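The values are calculated or read from the model by the stated rules, or taken from the named source; none is laboratory data. Only a predicted model underlies this, so the values are computations on that prediction, with no experimental measurement involved. Heads up, the Cβs are rebuilt from the backbone with ideal geometry, glycines too, and the neighbour counts pull from every protein chain shown. The accessibility values were calculated without ligands, DNA or RNA, using every heavy atom of the protein model including side chains. Shrake-Rupley method; radii C 1.70, N 1.55, O 1.52, S 1.80 Å.
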Amino acid sequence: MTPNFGLIIVGDEILSGKRADKHLPKVIELLAARGLPLAYADYVGDDPARITATLARAFAASRASGDVVFCTGGIGATPDDHTRQCAARALGVELALHPEARRLIEERIRETAQEQGAAYEPDRHDNLHRLNMGVFPLGAEIIPNPYNKIPGFSCFVESLAQNNSDLHASALTALLHQPGPQDRLSRTAGGAAPSGGSDPHAVGARGGIHFFPGFPVMAWPMIEWVLDQRYADLHQKSPSIEKSIIVMGSMEATLTPLMLAIEAEYAGVKVFSLPSVDHPQYGRHIELGVKGAPEAVSLAYPALLAGLHPFNLQLGPELVR
């Protein structure tokens, strides 16, 4: 089965309206180009307790059903960036400077110094601080960043669980069942933290959470890299199509019995209705249709059209997506 794909968008600037979110429509587009749907999305501000709780739920879903989740924002090294630390808390593991991330960050610092005609000073305070952007939960794998080389990271739940399944399971359970957010934030599992990466041949079959910067110019090519390098075997695996028709002069309540009958008779399709009250062309109308696997839709859609005939409604154009 194709796993669910989810999206977590972190940042006070989104919730306050200072920045308009561009990630949701783009991720939908990137997934759709590969025949994959987005199942859910969460928005969360820069509150460590809320981020930790959100990530704990995502890791639990990933572990239980193989969900693949993309998380954007909060992986920098300023005081309002908490995502890396919250990911470690949600997993119950320690944070550590990833050696390959360190190499890439130092390479970027060196290149920046050369561009500015300055000396490369790796031990300067601000350069040492930049290394914090490579501090990830133990066991994480890096995601290359073609824009400035500062990597993102992936946490494959099964890889971590194989190294220390008891620690991972108990940490998730504790985080998900604490009575309050402050308890969730402060609780960490004891014992040795898991280490190591993952089997590259098994990556496509496993869920996980992938962490990206908030900047679209960085995040979007990194998300594409994850989709193409980690989950290429899922592309176009479950093709979906939707067919619909514009229906004028009816109410949704009138059409509901027909919708229920179509879903009951044709397994694997979903019937949908999208009402509009002020469309510039059709005015008040309903877009009524079915979506699902092409072979199922090819049977259900004609039945839906046939079911509309007794109502003597004015029908508009048909749509295929």
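Assign one of three labels to the chain, namely rounded, prolate or oblate, based on the Cα gyration tensor with a ≥ b ≥ c the square roots of its eigenvalues; rounded applies when a/c is under 1.5, prolate when it is not and a/b is larger than b/c, and oblate otherwise.
prolate
Run lengths n ≥ 4 of DSSP H only: what is the helix-derived mean residue ellipticity at 222 nm for the chain, with -39500 (n - 2.57) per run over all residues, to the nearest 500?
Using -39500 (n - 2.57) per qualifying helix, the result is -12500 deg cm²/dmol.
Using +1 on the beta carbon of Lys and Arg, -1 on that of Asp and Glu, and nothing else charged, what's the dipole of the chain about the Cα centre, debye to 20?
140 debye
What is the count of Lys pairs in the chain whose alpha carbons sit under 28 Å apart, if the two are 8 or more places apart or on different chains?
17
For a quick protection proxy, order the peptides 115-127, 45-57 by their average other-Cβ count within 10 Å, most packed first.
Taking the mean over residues of other Cβ atoms within 10 Å, the ranking is 45-57, 115-127.
Taking K and R as +1 and D and E as -1, what net charge do the other residues with C-beta under 13 Å from the C-beta of GLY307 add up to?
Taking every other residue near GLY307 into account, the sum is -2.
Placing +1 on the Cβ of each Lys and Arg and -1 on the Cβ of each Asp and Glu in the chain, which of PHE212, CYS86, VAL277 has its Cα farthest towards the positive end of the resulting dipole?
VAL277
With a ≥ b ≥ c the root eigenvalues of the C-alpha gyration tensor of region 4-52, is it rounded (a/c under 1.5), prolate (a/b larger than b/c) or oblate?
Because a/c hits 1.5 or more and a/b fails to exceed b/c, region 4-52 counts as oblate.
Among residues other than LYS18 whose Cβ falls under 15 Å from its Cβ, what is the net charge (Lys/Arg +1, Asp/Glu -1)?
Value of the local net charge: -3.
Give the accessible area for LEU138 in Å² (nearest 10); use a 1.4 Å probe, count only protein heavy atoms, and leave out ligands, DNA and RNA.
Probe radius 1.4 Å; accessible area of LEU138 about 50 Å².
Tilt of helix 216-230 relative to the longest C-alpha principal axis of the chain, in degrees (0 to 90, nearest 10)?
Computed tilt is about 80 degrees.
Counting alpha carbon pairs within less than 8 Å and at least 6 residues apart, what relative contact order, in whole percent, applies to the chain?
Relative contact order, the chain: 18 percent.
For the chain, set up a GNM with springs between Cα atoms under 10 Å and report which of ARG63, ARG103, ARG84 has the largest fluctuation.
ARG103
Compute the long axis of helix 165-176 from its Cα atoms, compare it with the longest principal axis of the Cα atoms of the chain, and write down the angle in degrees, 0 to 90, nearest 10.
That works out to roughly 70 degrees.
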